[in-house]
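**Q** Here it is, the structure in full.
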Amino acid sequence: MNVPLLDLKAQHEPIRKDLLAAMERVLDQNNFILGREVSELEEQVAAYSGTRYAVGVSSGTDALLAALMALDLKPGDEVITTPLSFFATVGAIVRLGAVPVFVDIDPVTYNLDSSRIEAAVTPRTRAIIPVHLYGQCADMTPILQVAAAHNLAVVEDAAQAIGAEYGDGRRAGSMGTMGCFSFFPSKNLGGLGDGGMIVTNDAPLAERLRVLRVQGGKPKYYHRVLGGNFRLDTIQAAVLNVKLPYLDRWTALRQQHADLYESLFRSLNVESEFGVRLPQAVYKQNGVRHYHIYNQFVIGVPKREALREYLKAKGIGTEIYYPVPLHRQECLQSLGYKEGAYPEAERACRDLVALPIYPELNEDQQHYVAQTVREGLAQ
Ligand SMILES: *Cc1c(COP(=O)(O)O)cnc(C)c1O
């Protein structure tokens with residue numbers, strides 16, 4: 001049996017006609033930059049996330065960069081973030097000349113350990129970037145408390161977490177000063193190319209972001225601030241407008257798959273026999289509803305490389321998010337962080353592996369994956 005890590009063909013096939021019609025409308029309109037489809041998507045995503053404003057941008061990376069530019073981050077300013085994330089989180093900080101200050105992760109959720117943040121605050125700290133990794137919100141209440149006490153901005157990296165909730169009704173992206181989404185094809189809401197969005201409740205910030213995304217020109221060709229080309233393509237917005245109405249259904253399927261994996265792995269005793277760590281959805285209502293949206297279903301395993309090889313030979317796709325913690329990335333070595341500085345993040349980079357969890361996955365495939373993981377662990 002073949003079980004890829006992700007199967008976008010299966011997602012696109014049932015909505016192929018609608019996608020093509022949306023793209024054809026853009027072609028006929030002959031208007032390819034920003035435009036009506038982008039405004040429509042902005043309204044929809046703001047409503048979906050529970051924020052007042054949304055600003056469509058060119059990628060999740062540019063969402064983070066524009067958000068930090070909107071805060072007027074200066075060289076030497078410090079930004080607290082996690083060492084376990086996609087590179088864009090720290091790249092946005094460093095590209096502005098600011099200094100990333102890492103705080104280790106909580107080994108259960110793999111998100112920022114909120115109890116360690118206060119100790120990392122200095123007079124130069126300007127912002128915190130919590131990442132809602134794999135689709136589960138970081139522990140926002142204590143993070144927001146530290147931020148309020150020290151007058152820091154909070155930029156949520158919600159690239160993997162659109163629709164995730166904190167357990168009190170608040171959605172990923174809506175809790176901090178700004179929230180950043182990515183519409184990279186492999187995210188829960190993905191375009192047919194790059195795209196991103198920033199959500200906020202702050203009207204002046206939303207306005208700044210709109211100016212920053214068009215090179216800081218307002219009026220056009222008059223530049224009081226330095227921006228960039230952070231525009232979202234009309235055609236991507238048109239595609240995303242077709243897909244957004246399906247997002248809750250897709251999320252519910254991912255959550256069902258997570259539940260099934262959990263019960264399969266439990267009955268296969270992989271935790272007690274092989275020391276496997278299953279994902280923990282920590283925000284639940286009456287133990288029933290998940291708020292984790294499972295962009296990834298990630299397990300901790302011993303001898304990860306051997307297991308990946310075994311699964312690959314059996315036709316099962318896996319991936320590592322991420323093999324190198326941010327503080328050990330080669331281009332950041334001048335910051336001086338040593339191996340051992342963030343042991344939990346380092347361990348996660350050594351032993352986590354992502355299994356297939358896309359919405360269209362079927363039960364047979366999941367049984368096969370769980371059974372094969374057990375076989376691979378036992379070999
Ligand atoms: C995908 C991702 C990004 C960047 O998004 P792009 O749209 O690929 O630029 C940033 N942060 C995290 C955590 C991501 O997963």
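The values are calculated or read from the model by the stated rules, or taken from the named source; none is laboratory data. Please read these numbers as outputs of a predicted model, since none were measured by experiment. When we count neighbours, we look across all protein chains shown, and the Cβ atoms used for this are built from the backbone with ideal geometry, even at glycine. The area values use the complete protein model at the heavy-atom level, side chains included, leaving out ligands, DNA and RNA. Shrake-Rupley method; radii C 1.70, N 1.55, O 1.52, S 1.80 Å.
Results for (1) over 15 Å from Asn201 (Cβ atoms); (2) open to solvent by 20 Å² or more (accessible area, probe 1.4 Å), shown as yes or no for each residue.
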position: Ile129; (1), (2): yes, no
position: Gln145; (1), (2): yes, yes
position: Ala153; (1), (2): no, no
position: Ala158; (1), (2): no, no
position: Gly167; (1), (2): yes, yes
position: Ser182; (1), (2): yes, no
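**Q** How about region 60-105: which of its residues are within 16 Å of the ligand (Cβ to nearest atom), open to solvent by 20 Å² or more (accessible area, probe 1.4 Å) and part of a loop (DSSP other than H, G, I, E, B)?
**A** Scanning region 60-105 gives Phe86, Phe87, Leu96.
**Q** Residue pairs, Cβ under 9 Å, 6 or more apart or interchain, first in region 51-67 and of a type in the set (Lys, Arg), second more than 12 Å from the ligand (Cβ to nearest atom). List them.
**A** Matching pairs, first to second residue: Arg52/Ala46; Arg52/Val199; Arg52/Thr200; Arg52/Asn201; Arg52/Asp202; Arg52/Ala203; Arg52/Ala206.
**Q** Just a yes or no: is a residue in region 236-256 more than 28 Å from His290 (Cα to Cα), open to solvent by 20 Å² or more (accessible area, probe 1.4 Å) and in contact with a His (Cβ under 8 Å, 6 or more places away or on another chain)?
**A** No, there is no match, as no residue in region 236-256 is more than 28 Å from His290 (Cα to Cα), open to solvent by 20 Å² or more (accessible area, probe 1.4 Å) and in contact with a His (Cβ under 8 Å, 6 or more places away or on another chain).
**Q** Next question. Looking at (1) out of contact with any Gly (no Cβ under 9 Å at 6 or more places or on another chain); (2) in contact (Cβ under 8 Å) with a residue 40 or more places away in the chain; (3) among the aliphatic types (A, V, I, L, M), which is the only condition Ala306 fails?
**A** In the conditions (1) out of contact with any Gly (no Cβ under 9 Å at 6 or more places or on another chain); (2) in contact (Cβ under 8 Å) with a residue 40 or more places away in the chain; (3) among the aliphatic types (A, V, I, L, M), Ala306 misses (1) alone.
**Q** What residue, among those in region 36-59 that are within 15 Å of the ligand (Cβ to nearest atom) and part of a loop (DSSP other than H, G, I, E, B), is farthest from Gln215 (Cα to Cα)?
**A** My answer is Ser59.
**Q** I'd like the full set of residues that are more than 16 Å from the ligand (Cβ to nearest atom), in a loop (DSSP other than H, G, I, E, B) and of a type outside the set (Phe, Trp, Tyr), limited to region 123-168.
**A** Pro123, Arg124, Asp139, Asn151, Leu152, Gly167, Asp168
**Q** Suppose we keep only residues that are in contact (Cβ under 8 Å) with a residue 60 or more places away in the chain and touching a strand residue (DSSP E or B) at 6+ places or on another chain (Cβ under 8 Å) within region 205-228. Which one would you say is most open to solvent (accessible area, probe 1.4 Å)?
**A** Checked region 205-228; the qualifying residue most open to solvent (accessible area, probe 1.4 Å) is Arg210.
**Q** Return yes when Tyr261 is crowded, with 17+ Cβ neighbours inside 10 Å, in a helix (DSSP H, G or I) and away from the ligand (no atom under 16 Å from the Cβ) and no when it is not.
**A** Yes.
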